[in-house]
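Note sheet for the following structure.
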Amino acid sequence: MRLILLGPPGAGKGTQAQRLVEKHGIPQLSTGDMLRAAVQAGSEVGKRAKAVMDAGELVSDAIVNAIVAERIDQADCAKGFILDGYPRTLVQADAVESMLSQRGIGLDTVIELVVDDRALVGRIVKRAEDAKAAGQPVRKDDNPAVFEERLREYYKKTAPLTGYYYAKGKLRTVDGMANIDAVTAEIEAVLTAAAEAR
Ligand code: AMP
């Protein structure tokens, strides 16, 4: 199964992706996690991405496309994967298409978590508080000021992907404002229906 999770920052993509990993035994490919790991490691990519990420802007398409192209060739992706936070631009969406078609595989479903923007800032603040309370590092971009920029980037560059995938008949929407278990159940229902339709 090859799946894309779409939705603004704080919509719950990461949480739901982790549940899908457990249930379906396929990896979560989070470009945000990969870029944070690169920053942590101090690699060339990390050095180039850091300031952009801290400002809440998008890292260049060329960098993220290269990271994903390399990642999907690893053995654990053979049975499928969940793309979380990628693609985020139309250029990236076209890159996914060609990456997959070059490998003779396709995309199964794109699930958009639909959320109320006003609730998102609260979620981000809570995520930062929870991380701090658990003694985990707090993401530098999980604060209201940077979050506003991340949300702007989302509407400017990522939201058009819903139309892109709708036109391809791939888009399914799920109410991301429901509680976590209800969202998981709705995603599973979408996946079952998509599998039956194939
Ligand atoms: P995330 O963890 O998905 O919220 O991503 C954190 C940050 O990493 C984003 O605000 C961007 O700066 C960068 N990033 C993650 N994924 C992408 C992507 N697909 N394209 C460009 N930048 C990305």
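The values are calculated or read from the model by the stated rules, or taken from the named source; none is laboratory data. Model, not experiment: these values are computed from the prediction. For neighbour counting, all protein chains shown are included, and Cβ atoms are generated from backbone atoms with ideal geometry for every residue, glycine included. To get the accessible areas, we keep the full protein, side chains included, count just its heavy atoms, and leave off ligands, DNA and RNA. Shrake-Rupley method; radii C 1.70, N 1.55, O 1.52, S 1.80 Å.
Scanning segment 179-198 for residues that are more than 24 Å from Y86 (Cβ to Cβ) and part of a loop (DSSP other than H, G, I, E, B) yields a count of 1. Filtering segment 62-79 to residues that are assigned to a helix (DSSP H, G or I) and among the aliphatic types (A, V, I, L, M) leaves A62, I63, V64, A66, I67, V68, A69, A75.
Within segment 105-118, work out how many residues are more than 16 Å from Q16 (Cβ to Cβ) and open to solvent by less than 70 Å² (accessible area, probe 1.4 Å).
Total satisfying the criteria: 5.
Please indicate, with yes or no, whether at least one residue in segment 45-59 is at pLDDT 95 or above, more than 21 Å from V146 (Cβ to Cβ) and not basic (K, R). There is no residue in segment 45-59 that is at pLDDT 95 or above, more than 21 Å from V146 (Cβ to Cβ) and not basic (K, R). Between D84, D94, the distinction of being among the charged types (D, E, K, R) and either in contact (Cβ under 8 Å) with a residue 24 or more places away in the chain or within 27 Å of R127 (Cα to Cα) (or both) belongs to D84 only.
Conditions tested, residue by residue: (1) modelled with pLDDT of 95 or more; (2) within 11 Å of the ligand (Cβ to nearest atom); (3) within 14 Å of the chain's Cα centre (by Cα).
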{"residue": "A38", "(1), (2), (3)": "yes, yes, no"}
{"residue": "G42", "(1), (2), (3)": "yes, no, no"}
{"residue": "N65", "(1), (2), (3)": "yes, yes, yes"}
{"residue": "R71", "(1), (2), (3)": "yes, no, no"}
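D61 falls short on exactly one of the conditions (1) within 30 Å of A197 (Cα to Cα); (2) within 11 Å of the ligand (Cβ to nearest atom); (3) surrounded by fewer than 19 Cβ atoms within 10 Å (Cβ to Cβ), and that condition is (1). When G46, G56, G42, G7 are screened for being open to solvent by less than 10 Å² (accessible area, probe 1.4 Å) and without any contact (Cβ under 8 Å) to a residue 12 or more places away in the chain, only G46 passes. Look at V96 and say whether it is more than 9 Å from the ligand (Cβ to nearest atom), β-branched (V, I, T) and over 15 Å from the mean Cα position of the chain (by Cα). Taking the combined requirement at face value, the residue does not satisfy it. The residues on offer are K126, K140, K156, K132, and the sole one that is open to solvent by 50 Å² or more (accessible area, probe 1.4 Å), part of a helix (DSSP H, G or I) and either within 20 Å of M34 (Cα to Cα) or modelled with pLDDT of 95 or more (or both) is K156.
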